[in-house]
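The structure under discussion appears below in the form of C-alpha coordinates.
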Amino acid sequence: MRKIILYIATSLNGKIARPDGGVDWLDAIPNPEKTDYGYAVFYDSIDTIIMGHNTYQLILDWGIKFTYPEKKNYVLTRKQHVSDNEDVTFVKDNPIEFTKALKNLQGKDIWLVGGGQVNTLFFNAGLIDEIQLFVMPIVIPEGIDLFEKIPIEKQMKLLGTKSYSSGVVELKYSLLFKI
(Lines give C-alpha, C1' and ligand atoms only; values in the text may rest on other atoms or scores of the structure.)
Protein backbone atom coordinates (compact mmCIF):
# COMPACT_ATOMS: atom_id res chain seq x y z
CA MET A 1 0.00 0.00 0.00
CA ARG A 2 1.22 3.49 -0.84
CA LYS A 3 2.03 5.90 1.96
CA ILE A 4 0.67 9.40 2.31
CA ILE A 5 3.43 11.72 3.47
CA LEU A 6 2.82 15.21 4.79
CA TYR A 7 6.06 16.92 3.72
CA ILE A 8 5.84 20.50 4.94
CA ALA A 9 7.61 23.45 6.55
CA THR A 10 6.36 25.38 9.58
CA SER A 11 7.47 28.37 11.54
CA LEU A 12 8.62 27.78 15.12
CA ASN A 13 5.07 28.57 16.23
CA GLY A 14 3.44 26.07 13.86
CA LYS A 15 2.34 28.33 10.99
CA ILE A 16 2.55 26.96 7.45
CA ALA A 17 1.59 30.24 5.76
CA ARG A 18 0.61 33.82 6.43
CA PRO A 19 -3.14 34.57 6.80
CA ASP A 20 -3.33 35.25 3.04
CA GLY A 21 -1.55 31.97 2.25
CA GLY A 22 1.79 33.63 1.56
CA VAL A 23 4.98 31.66 2.16
CA ASP A 24 7.45 34.44 1.39
CA TRP A 25 8.90 33.99 4.89
CA LEU A 26 10.51 30.75 3.71
CA ASP A 27 12.83 32.79 1.48
CA ALA A 28 13.90 34.86 4.50
CA ILE A 29 15.72 31.88 6.01
CA PRO A 30 19.43 32.13 5.12
CA ASN A 31 20.58 29.06 3.21
CA PRO A 32 24.22 29.71 2.30
CA GLU A 33 24.82 26.05 1.41
CA LYS A 34 21.81 26.09 -0.98
CA THR A 35 20.54 22.82 0.49
CA ASP A 36 17.21 21.51 -0.76
CA TYR A 37 16.50 19.81 2.60
CA GLY A 38 16.09 16.46 0.86
CA TYR A 39 13.39 17.75 -1.47
CA ALA A 40 14.77 16.21 -4.69
CA VAL A 41 15.03 12.73 -3.15
CA PHE A 42 11.55 13.08 -1.63
CA TYR A 43 10.06 14.37 -4.90
CA ASP A 44 11.45 11.37 -6.78
CA SER A 45 9.79 9.04 -4.26
CA ILE A 46 6.25 10.24 -5.06
CA ASP A 47 4.10 10.16 -8.17
CA THR A 48 0.90 11.69 -6.79
CA ILE A 49 0.09 14.95 -5.03
CA ILE A 50 -2.98 15.91 -3.03
CA MET A 51 -3.77 19.45 -1.93
CA GLY A 52 -6.69 21.57 -0.87
CA HIS A 53 -8.31 24.12 -3.15
CA ASN A 54 -6.90 27.11 -1.24
CA THR A 55 -3.36 25.76 -1.64
CA TYR A 56 -3.97 25.12 -5.33
CA GLN A 57 -5.28 28.66 -5.79
CA LEU A 58 -2.22 30.05 -4.02
CA ILE A 59 0.06 28.18 -6.44
CA LEU A 60 -1.89 29.62 -9.38
CA ASP A 61 -1.63 33.11 -7.90
CA TRP A 62 2.17 32.90 -8.00
CA GLY A 63 1.82 33.58 -11.73
CA ILE A 64 4.18 30.81 -12.77
CA LYS A 65 3.70 27.57 -14.66
CA PHE A 66 2.04 24.91 -12.50
CA THR A 67 4.80 23.54 -10.27
CA TYR A 68 4.11 19.78 -10.42
CA PRO A 69 3.17 18.95 -14.03
CA GLU A 70 4.93 15.56 -14.15
CA LYS A 71 2.93 14.21 -11.18
CA LYS A 72 -0.72 13.19 -10.89
CA ASN A 73 -2.35 16.05 -9.00
CA TYR A 74 -5.62 15.96 -7.07
CA VAL A 75 -7.24 19.06 -5.60
CA LEU A 76 -9.84 18.56 -2.88
CA THR A 77 -12.66 21.07 -3.13
CA ARG A 78 -16.26 21.73 -2.18
CA LYS A 79 -16.67 23.89 -5.29
CA GLN A 80 -18.86 22.04 -7.78
CA HIS A 81 -18.30 24.46 -10.68
CA VAL A 82 -14.59 23.71 -11.21
CA SER A 83 -13.47 21.46 -14.05
CA ASP A 84 -10.45 19.20 -14.38
CA ASN A 85 -7.61 20.56 -16.49
CA GLU A 86 -4.30 19.29 -17.85
CA ASP A 87 -2.62 19.80 -14.47
CA VAL A 88 -5.19 18.68 -11.89
CA THR A 89 -8.20 16.49 -11.21
CA PHE A 90 -10.68 18.00 -8.79
CA VAL A 91 -12.10 15.73 -6.10
CA LYS A 92 -15.47 17.21 -5.16
CA ASP A 93 -17.08 14.39 -3.21
CA ASN A 94 -15.98 12.22 -0.30
CA PRO A 95 -12.23 12.95 -0.19
CA ILE A 96 -11.67 10.30 2.49
CA GLU A 97 -13.06 7.41 0.45
CA PHE A 98 -11.34 8.71 -2.69
CA THR A 99 -7.99 8.82 -0.89
CA LYS A 100 -8.40 5.38 0.67
CA ALA A 101 -8.95 3.95 -2.82
CA LEU A 102 -6.02 5.96 -4.18
CA LYS A 103 -3.68 4.51 -1.54
CA ASN A 104 -4.55 1.01 -2.73
CA LEU A 105 -3.57 1.68 -6.34
CA GLN A 106 -0.12 0.72 -7.61
CA GLY A 107 2.43 3.49 -7.59
CA LYS A 108 4.87 5.49 -5.58
CA ASP A 109 4.02 7.34 -2.38
CA ILE A 110 1.61 10.28 -2.21
CA TRP A 111 2.53 13.80 -1.11
CA LEU A 112 -0.02 15.64 0.97
CA VAL A 113 0.91 19.26 0.26
CA GLY A 114 -1.72 20.77 2.57
CA GLY A 115 -3.12 23.17 3.66
CA GLY A 116 -4.15 23.19 7.27
CA GLN A 117 -7.76 22.07 6.76
CA VAL A 118 -6.80 19.12 4.57
CA ASN A 119 -3.98 18.20 6.96
CA THR A 120 -6.48 17.97 9.82
CA LEU A 121 -9.03 16.08 7.73
CA PHE A 122 -6.46 13.45 6.72
CA PHE A 123 -4.85 13.30 10.18
CA ASN A 124 -8.19 12.74 11.90
CA ALA A 125 -9.14 10.08 9.33
CA GLY A 126 -5.87 8.19 9.90
CA LEU A 127 -4.75 8.70 6.32
CA ILE A 128 -1.35 10.27 7.02
CA ASP A 129 1.31 7.60 7.31
CA GLU A 130 4.31 9.85 7.79
CA ILE A 131 5.06 13.47 8.56
CA GLN A 132 8.28 15.12 7.42
CA LEU A 133 8.19 18.45 9.20
CA PHE A 134 10.76 21.15 8.61
CA VAL A 135 10.77 23.61 11.49
CA MET A 136 12.09 26.93 10.24
CA PRO A 137 13.89 29.35 12.59
CA ILE A 138 11.29 32.10 12.33
CA VAL A 139 8.15 33.12 14.21
CA ILE A 140 5.16 34.39 12.25
CA PRO A 141 2.68 36.34 14.38
CA GLU A 142 -0.41 35.25 12.46
CA GLY A 143 -1.14 32.62 9.88
CA ILE A 144 -2.46 29.24 8.91
CA ASP A 145 -1.78 26.50 11.43
CA LEU A 146 -0.24 23.18 10.46
CA PHE A 147 -3.50 21.63 11.62
CA GLU A 148 -6.51 23.93 11.26
CA LYS A 149 -9.52 23.36 13.46
CA ILE A 150 -8.99 20.65 16.07
CA PRO A 151 -6.99 17.52 15.32
CA ILE A 152 -7.72 14.47 17.41
CA GLU A 153 -5.11 13.33 19.89
CA LYS A 154 -2.65 10.82 18.45
CA GLN A 155 0.80 9.69 19.38
CA MET A 156 3.49 9.77 16.77
CA LYS A 157 6.67 7.72 16.56
CA LEU A 158 9.85 9.69 15.90
CA LEU A 159 11.69 8.13 12.96
CA GLY A 160 14.54 10.60 12.86
CA THR A 161 15.81 14.15 13.10
CA LYS A 162 18.27 16.20 11.14
CA SER A 163 19.53 19.71 11.72
CA TYR A 164 20.89 22.02 9.07
CA SER A 165 23.40 24.86 9.33
CA SER A 166 20.60 27.25 8.37
CA GLY A 167 18.89 26.51 11.68
CA VAL A 168 16.20 24.37 10.05
CA VAL A 169 15.36 21.18 11.91
CA GLU A 170 13.75 18.21 10.14
CA LEU A 171 11.52 15.94 12.20
CA LYS A 172 10.28 12.69 10.70
CA TYR A 173 7.33 10.91 12.32
CA SER A 174 5.06 7.99 11.62
CA LEU A 175 1.67 7.41 13.18
CA LEU A 176 2.05 5.22 16.23
CA PHE A 177 -1.61 4.29 16.33
CA LYS A 178 -3.89 4.25 13.29
CA ILE A 179 -7.64 4.54 13.67
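The values are calculated or read from the model by the stated rules, or taken from the named source; none is laboratory data. In this text the structure is predicted, and so the values were computed from the model without any measurement. Note: ideal-geometry Cβ built from the backbone for every residue, glycine included; neighbour counts use all protein chains shown.
Testing GLY114 on (1) under 29 Å from GLU170 (Cα atoms); (2) small (Gly, Ala, Ser); (3) at pLDDT 95 or above, one condition comes back false. Which one is that?
All conditions are met except number (3).
Does ILE4 qualify as being modelled with pLDDT of 95 or more, among the β-branched types (Val, Ile, Thr) and either touching a Ser or Thr at 6+ places or on another chain (Cβ under 8 Å) or within 29 Å of GLU97 (Cβ to Cβ) (or both)?
Working: modelled with pLDDT of 95 or more: yes; among the β-branched types (Val, Ile, Thr): yes; either touching a Ser or Thr at 6+ places or on another chain (Cβ under 8 Å) or within 29 Å of GLU97 (Cβ to Cβ) (or both): yes.
Considered against the rule, which asks whether it is modelled with pLDDT of 95 or more, among the β-branched types (Val, Ile, Thr) and either touching a Ser or Thr at 6+ places or on another chain (Cβ under 8 Å) or within 29 Å of GLU97 (Cβ to Cβ) (or both), ILE4 comes out as yes.
So, in the range 142-179, how many residues would count as being surrounded by 14 or more Cβ atoms within 10 Å (Cβ to Cβ), outside any strand (DSSP E or B) and in contact with a helix residue (DSSP H, G or I) (Cβ under 9 Å, 6 or more places away or on another chain)?
The first filter runs over the range 142-179 and keeps only residues surrounded by 14 or more Cβ atoms within 10 Å (Cβ to Cβ), leaving 143-148, 151, 154, 156, 164, 166-175.
Retained after the next criterion (residues that are outside any strand (DSSP E or B)): 143, 146-148, 151, 154, 164, 166-168.
Then keep just the ones that are in contact with a helix residue (DSSP H, G or I) (Cβ under 9 Å, 6 or more places away or on another chain); that gives 143, 146-148, 151, 154.
Count: 6.
With within 19 Å of GLU97 (Cα to Cα), in contact (Cβ under 8 Å) with a residue 40 or more places away in the chain and in contact with a Leu (Cβ under 9 Å, 6 or more places away or on another chain) as the only criterion, which of VAL118, VAL135 stands out?
Numbers: VAL135 fails: within 19 Å of GLU97 (Cα to Cα).
From the options VAL118, VAL135, the qualifying one is VAL118.
I need every pair where a residue in the range 17-38 that is under 21 Å from LEU6 (Cβ atoms) has its Cβ under 7 Å from the Cβ of a residue that is surrounded by 14 or more Cβ atoms within 10 Å (Cβ to Cβ) and at pLDDT below 90, sequence separation at least 6 or different chains.
Taking only residues 6 or more apart or on different chains, the pairs are GLY21/LEU58.
Is it the case that PHE90 is in contact with an Asp or Glu (Cβ under 9 Å, 6 or more places away or on another chain) and free of Cβ contacts under 8 Å to residues at least 40 places away in the same chain?
Values: in contact with an Asp or Glu (Cβ under 9 Å, 6 or more places away or on another chain): yes; free of Cβ contacts under 8 Å to residues at least 40 places away in the same chain: yes.
When the stated conditions are applied, PHE90 passes them.
One line per residue, one yes/no per condition, for (1) farther than 20 Å from LEU58 by Cβ; (2) in a strand (DSSP E or B); (3) touching an Asp or Glu at 6+ places or on another chain (Cβ under 7 Å):
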site	(1), (2), (3)
PRO69	no, no, yes
ASN73	no, yes, yes
GLN80	yes, no, no
ASP84	no, no, no
ILE96	yes, no, no
THR99	yes, no, no
GLN106	yes, no, no
THR120	no, no, yes
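Being among the hydrophobic types (A, V, I, L, M, F, W, C) and either touching a Ser or Thr at 6+ places or on another chain (Cβ under 8 Å) or closer than 18 Å to ILE16 by Cβ (or both) is the filter here, so list the residues in the range 139-178 that pass it. Quick ask: steps written out before the conclusion?
Filtering the range 139-178 down to residues among the hydrophobic types (A, V, I, L, M, F, W, C) leaves 139-140, 144, 146-147, 150, 152, 156, 158-159, 168-169, 171, 175-177.
Correct list: VAL139, ILE140, ILE144, LEU146, PHE147, ILE150, MET156, LEU159, VAL168, VAL169, LEU171.
Looking at the range 92-120, which of the residues that are surrounded by 17 or more Cβ atoms within 10 Å (Cβ to Cβ) and more than 21 Å from SER45 (Cβ to Cβ) is nearest to the chain's Cα centre (by Cα)?
GLY115
Residues in the range 83-117 that are touching a Ser or Thr at 6+ places or on another chain (Cβ under 8 Å) and β-branched (Val, Ile, Thr): how many?
Within the range 83-117, the first condition is being touching a Ser or Thr at 6+ places or on another chain (Cβ under 8 Å), and the residues that meet it are 90-92, 102, 107-111, 113-115.
With β-branched (Val, Ile, Thr) added as a condition, the list becomes 91, 110, 113.
Residues in the range 83-117 being touching a Ser or Thr at 6+ places or on another chain (Cβ under 8 Å) and β-branched (Val, Ile, Thr): 3 in total.
Tally time: how many residues in the range 61-91 are in contact with a helix residue (DSSP H, G or I) (Cβ under 7 Å, 6 or more places away or on another chain), under 29 Å from LYS172 (Cβ atoms) and either surrounded by fewer than 10 Cβ atoms within 10 Å (Cβ to Cβ) or of a type in the set (Ser, Thr, Tyr) (or both)?
Counting residues in the range 61-91 that are in contact with a helix residue (DSSP H, G or I) (Cβ under 7 Å, 6 or more places away or on another chain), under 29 Å from LYS172 (Cβ atoms) and either surrounded by fewer than 10 Cβ atoms within 10 Å (Cβ to Cβ) or of a type in the set (Ser, Thr, Tyr) (or both) gives 1.
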